[in-house]
Amino acid sequence: MIMDVRQVIKSFNIEDPVESFESFGGGHINDTFLINTVGEGRKYILQNVNRYVFKDIDGLMNNISLVTEHIHEKLLEKKVADIESRSLELIKTKDNKLYVDDEFNAWRVFNFIEDHVVYDIAPNREIAFEGARMFGLFLNQLSDLDPSGIVETIPKFHDIKFRLSNLEAAIKADPLKRVRSLEKEINYVRSRYELMSIIQNLGEKGLLTPRIVHNDTKINNVLFDRKNNGLCVVDLDTIMPGYLHYDYGDGIRTCANTGAEDDEDLNNVGYDLEIVEAFTAGFIQSVHSILNKTERSSLAYAALLFPFIMGVRFLTDYIAGDVYYKINHTYHNYFRARAQLKLARDGEAKLSEIQRIIEKALKNSKD
Ligand code: ADP
Ligand code: GN1
Ligand code: MG
């Protein structure tokens, strides 16, 4: 039986009577609802997890439970005020489960973080710094959590060699005959195999510390308060084992781009080095004490790899017929791919400057 939202809500341990619910937020993957309870009662976030994208819902929910409880304990140890605004808490079902599901959907509920603000692009350096400090803090808080309990919710999520092989498979199948108009993009991608494999090769050689990472550090996955202090990191579905480069790379890809992720005007797209500098300073402030030597020297390559990997994923989805990402129009994935590949090229051109920015931040963060 397929449940409707009202039925779903009734399955969870929500104390006050529910007054209403409404669509909320603007992610590409899950459906998010805000649940209002009567009077001054608590609010909640209800999410329908995308089962096409996430096959192992048990593993995913267990990851989130381990991570949120670990962070909660850290905040308690530090006697942080306002813990309920600073960490996600899973609200269990009436029969003590982490989620409810039917044939097509899997639903879970979190505490709603009140009075928050989100940004799709960092409007200034202060927000870039603070967002990055939050993502770095998140990595730091998880650096002593046993990784053996954390599963890969999307296998090989940021494995560039796997993503490139998926692209080649889509090119071969070409179900909508879209490949013929994509020569420029495909040639660029094929010419960068070695450069974009640098981080993965270092990892495979054992030179990067395997960590529990967030893997989706878009600036809109940090909630800020009204004074622009970071409150909480959200969107925990992609927490998996990985390298710290992933969180730095995806963070500056989204935060420091002068254009939009799907900008149709490529002249808008590029790295704003002032924002890169602020983001890097915030991130390094939180993680410098856990970084090894190779992580320090190779971090800059993440600024190329992340727009590249997203470009490859959007291009693959465009060729495959838009089966993965939600789209607003026929060419949406194409414009996203083009803009991300432009940002990767810009990262290449600015690599030595980004390297210098990272070295400066490391120097300033010495204990
Ligand atoms: P998606 O994977 O679809 O991006 P998110 O988990 O990021 O889904 O949620 C989408 C948006 O909903 C977020 O950007 C944020 O604005 C809001 N949101 C998510 N969780 C919470 C929460 N616990 N409290 C308040 N707002 C939230
Ligand atoms: C998706 O869930 P959302 O919209 O924050 C995607 C990320 C991409 C991003 C591109 C599970 O993130 O990997 O970076 O879109 N999440 C998944 O905007 O594929
Ligand atoms: Mg999100």
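The values are calculated or read from the model by the stated rules, or taken from the named source; none is laboratory data. None of these values were measured; they are calculated from a predicted model. For neighbour counting, all protein chains shown are included, and Cβ atoms are generated from backbone atoms with ideal geometry for every residue, glycine included.
Here are some notes:
- Only one entry in I64, I57 is farther than 22 Å from Q141 by Cβ and within 16 Å of ligand 2 (Cβ to nearest atom), namely I57.
- Residue-level check: of (1) closer than 19 Å to V233 by Cα; (2) surrounded by 15 or more Cβ atoms within 10 Å (Cβ to Cβ), K79 misses just (2).
- Residue check for D263: modelled with pLDDT of 95 or more, away from ligand 3 (no atom under 16 Å from the Cβ), within 20 Å of F112 (Cβ to Cβ) and surrounded by fewer than 24 Cβ atoms within 10 Å (Cβ to Cβ): no
- Here is the figure for the range 261-297: residues that are touching a residue at least 24 places away in the same chain (Cβ under 8 Å), in a helix (DSSP H, G or I) and farther than 15 Å from Y248 by Cα total 3.
- The residues in the range 82-100 that are at pLDDT below 95 and crowded, with 18+ Cβ neighbours inside 10 Å can be counted, and the count is 2.
- So Y271, is it over 30 Å from S87 (Cβ atoms), in the same structural domain as S297 (by TED's automatic domain parsing) and either at pLDDT 95 or above or polar (S, T, N, Q) (or both): yes
- Screening the range 26-44 for residues that are within 16 Å of D235 (Cβ to Cβ) and not charged (D, E, K, R) and picking the one that is surrounded by the most Cβ atoms within 10 Å (Cβ to Cβ) gives F33.
- Of the criteria (1) within 16 Å of ligand 2 (Cβ to nearest atom); (2) buried (at least 16 other Cβ atoms within 10 Å of the Cβ); (3) more than 18 Å from the chain's Cα centre (by Cα), which one S23 fails: (2)
- A300 fulfils the conditions (1) free of Cβ contacts under 8 Å to residues at least 60 places away in the same chain; (2) under 19 Å from the mean Cα position of the chain (by Cα); (3) assigned to a loop (DSSP other than H, G, I, E, B) except for a single criterion, (3).
- Scanning the range 16-38 for residues that are away from ligand 3 (no atom under 16 Å from the Cβ) and among the aliphatic types (A, V, I, L, M) yields V18, I35, V38.
- Elements of type helices (runs of 4 or more DSSP H) in the range 1-119, at least 1 residues being free of Cβ contacts under 8 Å to residues at least 12 places away in the same chain and either away from ligand 1 (no atom under 14 Å from the Cβ) or within 30 Å of F314 (Cβ to Cβ) (or both): 5-10, 57-77
- Test set (1) over 20 Å from the mean Cα position of the chain (by Cα); (2) crowded, with 18+ Cβ neighbours inside 10 Å; (3) closer than 13 Å to D262 by Cβ - N328 fails condition number: (2)
- Tally, over the range 331-358, of residues that are of a type in the set (D, E, K, R) and within 21 Å of the chain's Cα centre (by Cα): 3
- Residue in the range 306-313 that is crowded, with 19+ Cβ neighbours inside 10 Å, among the aromatic types (F, W, Y) and in a helix (DSSP H, G or I) present: yes
- Looking across the range 234-260 at every residue that is within 10 Å of ligand 3 (Cβ to nearest atom) and among the β-branched types (V, I, T), the one that is surrounded by the most Cβ atoms within 10 Å (Cβ to Cβ) is identified as T238.
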